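To start, the structure under review is shown below, and the notes come after it.
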Amino acid sequence: GENVEQHPSTLSVQEGDSAVIKCTYSDSASNYFPWYKQELGKRPQLIIDIRSNVGEKKDQRIAVTLNKTAKHFSLHITETQPEDSAVYFCAASIGYSSASKIIFGSGTRLSIRP
Amino acid sequence: EAQVTQNPRYLITVTGKKLTVTCSQNMNHEYMSWYRQDPGLGLRQIYYSMNVEVTDKGDVPEGYKVSRKEKRNFPLILESPSPNQTSLYFCASSSPRSSYNEQFFGPGTRLTVL
């Protein structure tokens, strides 16, 4: 069945350095790729998303890249700060939005070292 | 205040005792979904709904039922709960009319089935 693999499962970086989280998906019909951040004890929140007609999207310190041929997409966080510490989830959906079947990765726990 | 609410927030029950977790949103969103979150497995979609009376299976629908009789409500029903349904459950909503395609998550319901 459809699958989204996410790596690494844990990531520790020095404050100010960059962090990269990678995901691969199995269903070539996937068109929508959101990223969610979940702080400890809180609900997930969308931080950035990308659709298949775009190869890269950036929002301040966060960027997402998509390679449809290879079926993988990545989250890049630059100039990391303590508040970036959280669990990050990637996801893939066949629809062009969150309004359809969506498969999540298993999550990456990001820790920022002071 | 725009929000998604879930009730109850915490529930301990016994195997086989039917229960319903309610979800309500006040943002007039068309789309609603239910997820379960388990350690190491990330978020898994149970059911989703694109509008009133329109529901569809997500990745892990077995053992669950939903209904969407009104736009604002999307209850999750466990007819005969089992211990493997012990989990953290999130409801979420979104709208195709929004330029920023964000799913708004509820606060979560922690369910324990003994």
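The values are calculated or read from the model by the stated rules, or taken from the named source; none is laboratory data. Please read all numbers here as calculations on a predicted model, not as lab measurements. Positions of Cβ are backbone-derived with ideal geometry, glycine not excepted, and every protein chain shown enters the neighbour counts. Ligands, DNA and RNA are excluded from the accessible area calculation, which covers all protein heavy atoms including side chains. Shrake-Rupley method; radii C 1.70, N 1.55, O 1.52, S 1.80 Å.
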Practice prompt. Could you tell me whether any residue of region B:81-101 is within 14 Å of another protein chain (Cβ to nearest Cβ), aromatic (Phe, Trp, Tyr) and open to solvent by less than 30 Å² (accessible area, probe 1.4 Å)?
Written response: yes
Fill in: Residue tally, condition open to solvent by 60 Å² or more (accessible area, probe 1.4 Å), part of a loop (DSSP other than H, G, I, E, B) and over 11 Å from A:Ala91 (Cα atoms), over region A:3-18
4
Fill in: Enumeration of residues in region B:20-57 that are of a type in the set (D, E, K, R) and either buried (at least 21 other Cβ atoms within 10 Å of the Cβ) or assigned to a strand (DSSP E or B) (or both)
B:Arg36, B:Asp38, B:Arg44, B:Asp56, B:Lys57
Practice prompt. Return yes or no: is B:Lys71 more than 10 Å from chain A (Cβ to nearest Cβ), within 11 Å of the chain's Cα centre (by Cα), surrounded by 14 or more Cβ atoms within 10 Å (Cβ to Cβ) and of a type in the set (Lys, Arg)?
Written response: no
Practice prompt. Restrict the check to region B:12-21 and report whether at least one residue is within 29 Å of A:Arg51 (Cβ to Cβ) and more than 9 Å from chain A (Cβ to nearest Cβ).
Written response: no
Practice prompt. Kindly provide the set of residues from region A:42-59 that are farther than 21 Å from B:Phe104 by Cβ and not small (Gly, Ala, Ser), ordered by number.
Written response: A:Asn53, A:Val54, A:Glu56, A:Lys58
Worksheet, complete the sentence: If we take region A:19-114, then strands (runs of 3 or more DSSP E) inside it with 1 or more residues that are away from chain B (no Cβ under 14 Å) and surrounded by fewer than 20 Cβ atoms within 10 Å (Cβ to Cβ) are A:19-25, A:56-59, A:62-67, A:72-77, A:108-113
